[in-house]
Amino acid sequence: MHSSTRRRLFDPPLVSAAASVLSKIFLFTLFAAGAALAQNDLKPLRAGIVGLDTSHVPAFTKLFNKGEATGELAGIKVTTGYTGGTDMPASATRKEKFTQQLREMGVEIVPTIPELLAKVDVVLLESVDGRIHLQEAREIFKAGKPVFIDKPLAGTLAEAIAIVELAKKHNVPFFSSSSSRFGAEMVALKANADLGDILGAQTWGPCSYQEGTPDFFFYGIHGVEALYTIMGTGCETVSRVKAGNHDVATGVWKDGRVGAYRGIVKGKADFGAVAYGSKAIGQAAKAVSYEGLCRQIGKFFRTGQPPVSAEETIEIFTFMEAADESMRQGGKPVALADVLAKAKAEAAKLIK
């Protein structure tokens, strides 16, 4: 090799640059190895499912049990299920089918909630009938197990408040949410800074009812949850109009913003949302994601930090119960504060 070439190769600036590149490669490799080690060192979590009467049960089990090595689902496996169920048609006609599907996935089925609690670290309360969530949650809280409670949180607003208070009493972390909050399109809409300040919103989706619970608790909750994802808390009054093929609840927020949920009872019934911003208008379609929700559940099981506050969840249920009261009053605006005060008095009797 020519001596001048040899000198150029070993010039201090070139050596320094090469060392810098090698250092960065080493640090990146070290970071990646550390991240992999951290994932591999995660304590395995055994998850139990209470209530095997909803399509969420096999869908969530497939997501948790697919064996991700990294990410929010890593190390969490559904191992045990309790069938449960009630006389609600959505429960009675489907629980055996979904129970069998879990058996075929290798999940152990046990006859009681206490037996399930003895075998698991965390719980998904999936019972499709919200009217039994308080009774089931009471057992889970006493065992001190972190729990995700699927929609609806409860069968009444008073029962939802009681669940929140019992969780505090037993110091057990929990949260409840619709999958509509964590769809990729909804997350992007919420994070879109180009919209400016959110001045109002409208959401829509399929709407069906189940006798025994307020009208929006069963399926309308998906659209109401999406509305709150965009608008946040602070709604003061709700008025509702139900006619023909649609069921519309309109809320007025304390700062004068207006948000509405349109339940599509008949006809084409996709999910969607529009956010009206000070600078632009944004839209989200197909804003529902089981995977997005399960990833939030997995993160919650690891950290104990709920992605949705209990206070916001209670306001969502106050909104929906106030919508029923508005219907009883011929569509007049109903104050959420009045509905909440009445429910708190009822909840006090439920907390033991």
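The values are calculated or read from the model by the stated rules, or taken from the named source; none is laboratory data. From a predicted model like this one, the values you see are computed outputs, not experimental measurements. Cβ coordinates were reconstructed from backbone atoms using ideal geometry, including for glycine residues, and neighbour counts include every protein chain displayed.
Counting only helices (runs of 4 or more DSSP H) that fall entirely inside the stretch 93-146 and contain at least 2 residues that are at pLDDT 95 or above and over 22 Å from the mean Cα position of the chain (by Cα), the qualifying elements are 95-104, 113-117.
Taking the stated definitions as given, is Ala226 buried (at least 24 other Cβ atoms within 10 Å of the Cβ) and modelled with pLDDT of 95 or more? Considered against the rule, which asks whether it is buried (at least 24 other Cβ atoms within 10 Å of the Cβ) and modelled with pLDDT of 95 or more, Ala226 comes out as yes.
Residues in the stretch 230-248 that are touching an Asp or Glu at 6+ places or on another chain (Cβ under 9 Å) and buried (at least 18 other Cβ atoms within 10 Å of the Cβ): Cys235, Val238, Arg240, Asp247.
Take Gln135 and tell me if it is over 23 Å from Asp324 (Cα atoms) and polar (S, T, N, Q). Judged against the criteria, Gln135 is a match. From the list Ala226, Ala193, Ala188, Ala184, the lone residue that is closer than 27 Å to Arg131 by Cβ and of a type in the set (A, V, I, L, M, F, W, C) is Ala226. When you check Glu321 against the structure, is it assigned to a helix (DSSP H, G or I) and exposed (fewer than 14 other Cβ atoms within 10 Å of the Cβ), yes or no? Considered against the rule, which asks whether it is assigned to a helix (DSSP H, G or I) and exposed (fewer than 14 other Cβ atoms within 10 Å of the Cβ), Glu321 comes out as no. Test Ser326 against the stated conditions and say whether it is out of contact with any helix residue (DSSP H, G or I) (no Cβ under 8 Å at 6 or more places or on another chain) and in contact (Cβ under 8 Å) with a residue 40 or more places away in the chain. In short, yes. The condition of being under 19 Å from Val172 (Cβ atoms) and in contact (Cβ under 8 Å) with a residue 12 or more places away in the chain holds for only one of Leu63, Leu125, Leu102, that being Leu125. If you scan the stretch 280-289, which residues turn out to be in contact with a Leu (Cβ under 6 Å, 6 or more places away or on another chain) and either exposed (fewer than 12 other Cβ atoms within 10 Å of the Cβ) or modelled with pLDDT of 95 or more (or both)? Within the stretch 280-289, Ala280, Gly282 qualify.
For the stretch 208-223, the candidate set comprises residues that are modelled with pLDDT of 95 or more and either acidic (Asp, Glu) or under 14 Å from Phe271 (Cα atoms) (or both); within that set, the residue that is surrounded by the fewest Cβ atoms within 10 Å (Cβ to Cβ) is Asp215.
Every condition in (1) assigned to a strand (DSSP E or B); (2) under 15 Å from the mean Cα position of the chain (by Cα); (3) not small (Gly, Ala, Ser) is met by Leu153 except one, and the failing one is (1). Consider Thr80 carefully, then state whether it is outside any helix (DSSP H, G or I) and either modelled with pLDDT under 95 or in the same structural domain as Glu315 (by TED's automatic domain parsing) (or both). Criteria not met by Thr80. If you go through the stretch 174-201, how many residues are farther than 20 Å from Tyr290 by Cα and under 14 Å from the mean Cα position of the chain (by Cα)? Selection size over the stretch 174-201: 0. The C-beta contact set for the stretch 38-59 (first residue at pLDDT below 95, second residue in a strand (DSSP E or B), distance under 9 angstrom, 6+ apart or interchain) comprises Leu42/Ile76.
For Lys352, the criteria (1) part of a helix (DSSP H, G or I); (2) without any contact (Cβ under 8 Å) to a residue 40 or more places away in the chain; (3) of a type in the set (Lys, Arg) hold in every case but one, which is (1).
Across the stretch 142-152, a minimum of one residue is classified as touching a His at 6+ places or on another chain (Cβ under 7 Å), farther than 20 Å from Ser208 by Cα and surrounded by fewer than 24 Cβ atoms within 10 Å (Cβ to Cβ).
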